[in-house]
Amino acid sequence: MPSDSLTVHTICQGLDLPDWVLDFRDCAGDKVIFGPGRLAELGLEVSLLEGTHALLVTDPGIANAGLADKAFDSLRQHGIACSTFAEVRENPTTEDVERCAAFAEAEGINVIIGLGGGSSLDTAKGCNFLLTNGGRMQDYWGIGKATHRMLPFIAVPTTAGTGSECQSFALISDAKTHAKMACGDPKCAAATTILDPELTITMPHSVTAHTGIDAIAHALESAVCTKRNDVSLAYSYAAWRLLDSGFPIVTESGSDLEARSAMQIGAAFAGVAIENSMIGIAHSCANPLTAHYNIVHGLAVGVMLPHVIEFNQSDPTAGATYRLFSSHIPLADRVREHLRLCGMDQSLRELGVERSQIPLLAAEAAKQWTAQFNPIPVDAAALEKVYQAAW
Ligand SMILES: [Fe+2]
């Protein structure tokens with residue numbers, strides 16, 4: 001397909017999705033635009049939001065890859081001043097957000113742009129809380145704790161993974177306690193999201209694999225958790241179909257723009273699904289693996305996911321959803337095929353996890369917020385079984 005004919009409608013052709021899904025009606029943000037090269041419209045979008053001085057939040061890798069330069073060009077063409085904070089780190093902490101906010105405060109900005117992966121978008125959102133509502137990030141742990149209006153925020157994801165661009169949550173870790181805080185407020189959602197698949201072409205293979213599997217987990221977990229509903233299920237299903245067909249192509253040939261588009265739209269749909277539902281125990285089990293063994297999020301979620309599906313399939317509704325999503329082979333096996341394509345079909349043992357640590361991991365996983373939404377209620381003993389299966 002020529003790149004100028006890549007649209008949400010053409011990418012989703014044949015999937016028989018309702019118009020309200022194609023239009024991102026239930027996205028936390030206001031407006032989603034998609035298309036190759038549309039980063040060039042950044043300056044226009046800032047103008048439409050009446051911004052005159054932007055804060056661009058990004059990481060050093062994105063800045064060095066030249067992606068930020070394209071953003072600067074567009075802003076310059078519309079006469080918009082720009083101050084850049086290019087110090088975003090993976091899994092941003094309260095200290096990262098405080099540094100970003102202190103920088104922004106001194107610069108006198110009136111619009112915020114997040115350019116990068118989930119960490120950049122979350123740092124940008126966190127900064128917006130502190131700039132406009134004061135206090136510390138810990139004050140906003142939970143939902144709807146901000147009282148003042150926030151600055152307009154534009155999300156420009158460069159990975160296809162977290163779906164943060166369609167959510168009203170910033171995930172920020174407490175620098176002292178390491179607790180991962182979900183700080184949610186409708187006011188922090190993106191006023192505009194720009195999905196430009198060309199930005200995802202330069203992702204390293206491992207990042208494509210890890211973020212892609214994470215997005216797949218978002219689609220599958222949001223589809224069966226106890227907060228699922230007809231609206232979220234429509235986005236989960238759309239996300240899964242796009243990710244399931246796009247993933248084998250992007251892991252084989254990273255420059256395929258059509259498959260990159262499917263992944264980017266799929267990850268964003270999965271973000272909308274989470275916003276309207278929740279996630280589940282693949283994520284509950286993954287967080288302790290990241291905390292204790294430094295296993296990257298997408299890999300940790302990926303190694304748990306087939307075992308979580310097998311654990312949940314005795315629940316009648318979850319089982320029926322899994323069969324709807326994958327009618328020819330069991331869904332867990334389909335996920336394993338994806339993991340195999342990129343060398344992620346590993347056991348916890350192969351990843352260096354000691355079997356003796358499983359009770360500790362399970363106890364921590366049971367305390368995660370996400371664990372309470374699993375279709376089959378779980379406690380530490382049940383999660384121990386899931387970890388054992390993955391070991
Ligand atoms: Fe995730």
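Every number in this text was worked out from the coordinates using simple rules, so none of it is lab data. Since the model is a prediction, treat every value here as computed from it, not as a measurement. Methodologically, a virtual Cβ is constructed for each residue, glycine included, from the backbone with ideal geometry; neighbour enumeration extends over all protein chains shown.
Can you give me the long-range amide H partners of M181? Hydrogens built in the peptide plane at 1.01 Å from N, cutoff under 5 Å, separation of 5 or more residues or another chain.
Amide H neighbours of M181: I172, S173, D174.
Using a Gaussian network for the chain with springs between C-alpha atoms less than 10 Å apart, which of these wobbles most: S222, S347, S236?
S347
Under 12 Å from the Cα of K187, which aspartates and glutamates turn up, not counting those fewer than eight places away in the same chain?
Once the sequence-local aspartates and glutamates are set aside, what remains near K187 is D30.
Show which lysines lie in cross-link reach of K176 when reach means a straight Cα distance below 24 angstrom and same-chain residues fewer than eight apart are skipped.
K125, K145, K367
Determine the dipole magnitude for the chain: charges of +1 sit on the beta-carbon of Lys and Arg, -1 on that of Asp and Glu, nothing else is charged, the reference point is the Cα centre, and the result goes in debye to the nearest 20.
For this selection, approximately 620 debye.
Across segment 51-63, in residue order, what do the Karplus-derived ³J(HN,Hα) couplings come to in whole Hz, using 6.51 cos²θ - 1.76 cosθ + 1.60 with θ = phi - 60° and x for Gly and Pro?
Coupling constants for segment 51-63: x, 10, 9, 9, 9, 9, 9, 8, 10, x, x, 5, 4 Hz.
G280: net charge of surrounding residues, Cβ under 12 Å, Lys/Arg +1, Asp/Glu -1, itself excluded?
Result for the local shell: 0.
Using θ = phi - 60° and the Karplus curve 6.51 cos²θ - 1.76 cosθ + 1.60, what whole-Hz ³J(HN,Hα) does each residue of segment 130-145 get, with Gly and Pro shown as x?
5, 4, 9, 10, x, x, 10, 4, 4, 5, 10, 5, x, 10, x, 8
Taking the Cα centre of the chain as the origin and placing charges on Cβ (Lys, Arg +1; Asp, Glu -1), which of M150, T10, L348 is farthest toward the positive end of the dipole?
Result: L348.
With springs connecting C-alpha atoms under 10 Å apart, model the chain as a Gaussian network and identify which of D315, D174, D16 has the largest mean-square fluctuation.
D16
Helix-only mean residue ellipticity at 222 nm, the chain, DSSP H runs n ≥ 4 weighted -39,500 (n - 2.57), per residue, nearest 500. What is it?
Values: 16 runs with 194 residues, N = 391.
Per the formula, -15500 deg cm²/dmol.
How many angstrom lie between the C-alpha centres of segment 148-180 and segment 263-307?
Value for the Cα centre distance between the two parts: 15 Å.
Anyone know which of A104, A217, A81 comes out most mobile in the 10 Å Cα GNM of the chain?
Looking only at A104, A217, A81, the biggest GNM fluctuation is shown by A81.
For C82, which sequence-distant residues (separation of 5 or more, or a different chain) have an amide H within less than 5 Å of its own amide H, given hydrogens modelled in the peptide plane?
Correct list: A54.
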